[in-house]
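*Asks:* Right, I'll just put the structure down here and ask away after.
The values are calculated or read from the model by the stated rules, or taken from the named source; none is laboratory data. Please read these numbers as outputs of a predicted model, since none were measured by experiment. Note: ideal-geometry Cβ built from the backbone for every residue, glycine included; neighbour counts use all protein chains shown. Only protein heavy atoms, including side chains, enter the accessible area calculation; ligands, DNA and RNA are left aside. Shrake-Rupley method; radii C 1.70, N 1.55, O 1.52, S 1.80 Å.
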Amino acid sequence: MRKILPVLLFVFVFSPLAFSAPGAVRCGKLLDVRSGQMLADQTVVFDASGTITSVGSSSSAKLPNRVAAIDLSNATCLPGLIDVHTHLTSDPTGSGYSSLGISVPREAITGVKNARLTVRAGFTTVRNVGASGYTDIALRDGIDAGEVEGPRMRVSGPPLGITGGHCDNNLLPSEFHYKAEGVADGPWAARAKVRETVKYGADLIKVCASGGVLSKGDQPGTAQYTLEELQAIAEEAHKLGRKVAAHAHGTQSIKDAIRAGIDSIEHSSLIDDEGIALAKQHGTYLVFDIYNDDFILQEGAKAGMLPESIEKEKKIGRLQRENFRHAYQSGAKMAFGTDAGVYPHGDNARQFAKMVEWGMKPIEAIQAATVNAADLLGWADKVGALETGRYADLIAVRGDPASDVRVLEAVKFVMKGGTVVRNDLAAK
Ligand SMILES: [Zn+2]
């Protein structure tokens, strides 16, 4: 008993899970992200596990015993947002050669800081697509255990890539014998790498199909993995119950990845009409990170990004935005992903205004970050909508995000699984 008591005390005092209780939130307005309808005076009720048990008009809401609803009658509620392309364990200040001085433990600590910034910005779920040393898995597990404040995470572990490709590291000369942990050449080596990544806890696989912007000595438009390798990766991952996200800027790599059965194309910068048609045919999600171009061009040099990276971004940034508009107008499936980590975490919502500037209606940009993103994650029954049976992940803003999407840049209230993360709306 003497041994057990301190353990019990620790669990009850320090674990936020121990405080879970049924509750309710009363929303002045509630945006139904599926229909786009704005509903007046709605109450969301959730149980002790943080799961929504009812959503409906406040006048008919049945509150559990001794529960008083949190009053958000002066605000608009919507589901917690989802960013499907983040790097929580990276900061832009660690770009280029300065990245070589960052240890794996240091990266993990950076992740703790950024997880907090991200959830407080209203992003209650992220898909993290690339981290060193399985720091993303440690971060996910720390958050799930209630030890670290942060969003729900789906994580990839180290990204798979070819020798010398975007997801290797070409900053050091040969005598250092450096090779990134996700490097695998050839279909069988790539399959083995998928197995290894899953072994250490990855929820999905990230693969670098083409060259990239922030890597040294390659070109974004150039194919890296072959179709045969991408097919091996997709087949192996799917067999193990994991989805695959492919970094692909280049026209050919985008098509190869879609034909290989990969689930989402990240960046999608140089997609052509055939690529868009293939994405529609296969139901592949396109993820266009169209905000960070502004940051790379304005702040990238100061952050240590290589001059060649800035030149690559100049060539590709505008084309990516034009292709985003074209893919959107062509009816391709889109999910909201920002590449946060390339620019500062917590600014994720700045991409909404870019998506609207380049053709989307505000509600469509919001759907990309809620129902669509949840579908891509394989979590359509858990997140992305304020509906019975889903997590009580709820945010609130002042104003109407369906007419002015920029209000999402200043989220005032965040709840994750029925636990309040921040509340700037409480009466002062
Ligand atoms: Zn990325």
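*Asks:* Of everything in the stretch 51-105, what is among the aliphatic types (A, V, I, L, M), in contact (Cβ under 8 Å) with a residue 40 or more places away in the chain and under 30 Å from A340 (Cβ atoms)? Give them in sequence order.
*Replies:* I52, V55, I70, L72, A75, L78, L81, I82, V84, L88, L100, listed by residue number.
*Asks:* Now for a different question. Take the residues in the stretch 249-308 that are at positive phi and away from the ligand (no atom under 15 Å from the Cβ); name whichever of them is modelled with the lowest pLDDT.
*Replies:* From the stretch 249-308, those at positive phi are 261, 267-268, 283, 304; that's our starting set.
The next check asks that each one be away from the ligand (no atom under 15 Å from the Cβ); those that pass are 261, 283, 304.
On the way: G261: 98, G283: 98, G304: 88.
Here the answer is G304.
*Asks:* From the list N65, N74, pick out the single residue that is outside any helix (DSSP H, G or I), touching a strand residue (DSSP E or B) at 6+ places or on another chain (Cβ under 7 Å), open to solvent by 10 Å² or more (accessible area, probe 1.4 Å) and away from the ligand (no atom under 16 Å from the Cβ).
*Replies:* N74
*Asks:* Another question about this same structure. Looking only at helices (runs of 4 or more DSSP H) that lie completely in the stretch 291-408, which have at least 2 residues being surrounded by fewer than 22 Cβ atoms within 10 Å (Cβ to Cβ) and among the aliphatic types (A, V, I, L, M)?
*Replies:* Because the criterion is at least 2 residues that are surrounded by fewer than 22 Cβ atoms within 10 Å (Cβ to Cβ) and among the aliphatic types (A, V, I, L, M), the helices (runs of 4 or more DSSP H) in the stretch 291-408 that meet it are 307-329, 350-357.
*Asks:* Of everything in the stretch 111-129, what is open to solvent by less than 20 Å² (accessible area, probe 1.4 Å) and either among the β-branched types (V, I, T) or in contact with a helix residue (DSSP H, G or I) (Cβ under 8 Å, 6 or more places away or on another chain) (or both)? Give them in sequence order.
*Replies:* Residues satisfying the conditions are G111, A115, T118, V119, G122, T124, T125, V126, R127, N128, V129.
*Asks:* Taking the options D136, D168, D141, name whichever one is within 16 Å of the ligand (Cβ to nearest atom) and either part of a loop (DSSP other than H, G, I, E, B) or surrounded by fewer than 23 Cβ atoms within 10 Å (Cβ to Cβ) (or both).
*Replies:* D168
*Asks:* Based on what the data block shows, is T53 polar (S, T, N, Q) and either out of contact with any helix residue (DSSP H, G or I) (no Cβ under 9 Å at 6 or more places or on another chain) or assigned to a strand (DSSP E or B) (or both)? Write out each step before concluding.
*Replies:* Numbers: polar (S, T, N, Q): yes; either out of contact with any helix residue (DSSP H, G or I) (no Cβ under 9 Å at 6 or more places or on another chain) or assigned to a strand (DSSP E or B) (or both): yes.
Answer is yes for this residue.
*Asks:* Across the stretch 172-191, which residue is farthest from S99 (Cα to Cα) among those that are of a type outside the set (D, E) and open to solvent by 50 Å² or more (accessible area, probe 1.4 Å)?
*Replies:* Ranking the candidates gives W188 first.
*Asks:* What pairs come up if the first residue lies in the stretch 183-203 and is more than 19 Å from A131 (Cβ to Cβ) and assigned to a helix (DSSP H, G or I), the second is of a type outside the set (K, R) and open to solvent by 30 Å² or more (accessible area, probe 1.4 Å), and their beta carbons are under 6 Å apart, counting only those six or more places apart or on different chains?
*Replies:* Matching pairs, first to second residue: P187/E228.
*Asks:* While we're here: Under 6 Å between Cβ atoms, at least 6 apart or on separate chains: pull out the pairs that start in the stretch 166-182 with a residue that is under 22 Å from V207 (Cα atoms) and end on any residue that is among the charged types (D, E, K, R) and open to solvent by 50 Å² or more (accessible area, probe 1.4 Å).
*Replies:* Within 6 Å, the pairs are N170/K216; L171/K216.
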